[in-house]
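First the structure, in the form of structure tokens, and then the observations on it.
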């Protein structure tokens, strides 16, 4: 049974100097173990301490719980944060100090229990069966006591067998902005919620529906005939009032016959309201007519009825091999010919690593041949004529014996590398080489790296050096044999961003001449870019003098983001949890790359919403793929030495999983720019650091010292020393052999403040 207690408190309220104390009545429901927000509401409507005045509440009983609280503009006291989930159920005493400095104690006012299953949410908008003409609206529902987040589904049918949108994770708020992305036609929706402690969910709310009045259509599905087993069947669909080019993440197309669905695929629009979709038709697909189904978040589910007919098929198979004994039969002396292209106009098949191929054809007459033979090779036979008068037939052993017309040497080499490489991040270069000639080859592979690259490891360490050139010897490289060398490397921070890396590789045979000498050499260019993660949060300043804190210091934060996907980002949201060491009320936006909305939620969470930003991806428009938001906020004037202000943001691109930025850090100590010439400093030798690195620092007096190793994200990854030390110069040896390549900081904390030294690890 739900317990309910009434609490009468005498609180002195001061609106200004000399204001009189007032008596108020507070009321509370049962508080559950793990409750996220417990509310004590005033019944007289008088003000308490003003907007967002914070104080502490202590619960003592079977265990002790300290909970922060604050007063919001509606004169409600809210307990902020979860009560400890390990607390024991029982009767508790509430105590806090009022505005007059008087300790107020109230026994038997809380009963700590497990959270029950939350009540079912109530749907508010749209109303059931409502017709909506404005596509920009929000789904709204009422939360329930004990619930902390919500899950909702949208479907085109009342039994939710065709859900077109759902929350990937539980959603924190009681409204969801559609942003104009819902499809036309009828949508069914329901919501459920869960509590905090046990993650037990309520049942779904009763289903309601609404209808968006819009009517996009499809037309001209061509071709409309395919067959069982066909690979890469391409269906061209033209649309009127469609959004093929929209690139919605849920955009998909498939063929459907009753409950049978053929290969759902994302669309491939050409920008002219033409959808070019590729399907692989299973051999087991039932013969008959199929509906063409297309859906996205804008157009709803569009069905082109009886659009495609799947017919029966016939099968064929064979082998392609290098016929070394010229007998036309594959035997132990022969070599399989992989990746041969078998043309059966208008279709193609590819031979596998064993030289085998197979495929399916409708009824008709076809010509089968090998397409991609080198000029000094020919196939026996040159082709096959295949005739299938009906369906259900099978032809096997359509083999091609590839024979050598003349002896050629043909070695090829290729460099595979990213066009861009990021500072401080490991990357890989792939050197591929192959013998395309019929003669087994010996020779050398050579690679000249670009200056500034730091080689971390090599997949084939058996190389020698001639100057800066790396050389690998090979023997017995057979026909079509493919080898790969992988070089793992990184770019040190000392290499300027924008530097072009020139990579060169070449292959030399022991005999020659080579049939295609132009393929004996390859090169690649890479541009150095940074930072590695384009989604970053920076702060200025990073160090603050304690002497400046009482005067009030404004911090500048910039959150940068980039769309590095392969499609437009339509909406971007940034959730930024603001540090307790800054004044949230002082936040000021000073710059943004696009129109935005700022929302402040309980728990000091700020959301920056970029609705309909349509940020292009970096592949199609690299300069346009970037965005940012900048703001200032004041540090608290009560901070002291060694306090830190940490902030991390989470960036949501459409409905993808969030990307966490680095943690920006401001340390209260001696600012780097404030160091005078007589200020003790830190020295690190060598730098870049090696397996044994010496750290030296000076102390002006005897003090407690802590020396930390900090990564680029501001996280302490190792405490190198902690203890009492006397005045003078101190040294310690640090074993850095385990450190990956990257930027790090040595931090020395003593009574004088915080000193840092940037170091580089290059492996």
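Points to keep in mind about this one:
- Selection status of residue 542, at pLDDT below 85, more than 23 Å from residue 667 (Cβ to Cβ) and surrounded by fewer than 18 Cβ atoms within 10 Å (Cβ to Cβ): no
- The single residue among 338, 372, 325 that is in contact (Cβ under 8 Å) with a residue 12 or more places away in the chain, exposed (fewer than 14 other Cβ atoms within 10 Å of the Cβ), not assigned by TED's automatic domain parsing to the domain that holds residue 258 and not in a strand (DSSP E or B) turns out to be 372.
- Top-ranked residue in the stretch 325-334 [being within 21 Å of residue 437 (Cβ to Cβ) and touching a strand residue (DSSP E or B) at 6+ places or on another chain (Cβ under 7 Å); ranked as modelled with the highest pLDDT]: 330
- Any hit, the stretch 468-482, residues being surrounded by fewer than 19 Cβ atoms within 10 Å (Cβ to Cβ) and over 19 Å from residue 433 (Cα atoms): yes
- The single residue among 255, 182, 235 that is part of a loop (DSSP other than H, G, I, E, B) and either at pLDDT 85 or above or buried (at least 19 other Cβ atoms within 10 Å of the Cβ) (or both) turns out to be 182.
- For first residues located in the stretch 205-226 and on the phi > 0 side of the Ramachandran plot, partners that are surrounded by 18 or more Cβ atoms within 10 Å (Cβ to Cβ) and modelled with pLDDT of 80 or more and lie 6+ apart or on another chain with Cβ distances below 8 Å form the pairs 220/237.
- Lone qualifier among 137, 106, 125, 110 - being surrounded by 15 or more Cβ atoms within 10 Å (Cβ to Cβ) and at pLDDT 75 or above: 137
- Exclusive hit being at pLDDT 85 or above and in the same structural domain as residue 566 (by TED's automatic domain parsing), set 729, 651, 695, 733: 651
- Of everything in the stretch 555-584 that is under 24 Å from residue 665 (Cβ atoms) and either assigned to a loop (DSSP other than H, G, I, E, B) or modelled with pLDDT under 75 (or both), the residue that is nearest to the chain's Cα centre (by Cα) is 578.
- Selection status of residue 547, at pLDDT 80 or above, part of a loop (DSSP other than H, G, I, E, B) and surrounded by fewer than 16 Cβ atoms within 10 Å (Cβ to Cβ): no
- Residue count for the stretch 357-369 satisfying the condition of being outside any loop (DSSP other than H, G, I, E, B) and free of Cβ contacts under 8 Å to residues at least 60 places away in the same chain: 8.
- A single member of 354, 379 is more than 16 Å from residue 315 (Cβ to Cβ), touching a residue at least 24 places away in the same chain (Cβ under 8 Å), in a loop (DSSP other than H, G, I, E, B) and not assigned by TED's automatic domain parsing to the domain that holds residue 228, and it is 354.
The values are calculated or read from the model by the stated rules, or taken from the named source; none is laboratory data. These figures come from a predicted structure and were not determined experimentally. For neighbour counting, all protein chains shown are included, and Cβ atoms are generated from backbone atoms with ideal geometry for every residue, glycine included.
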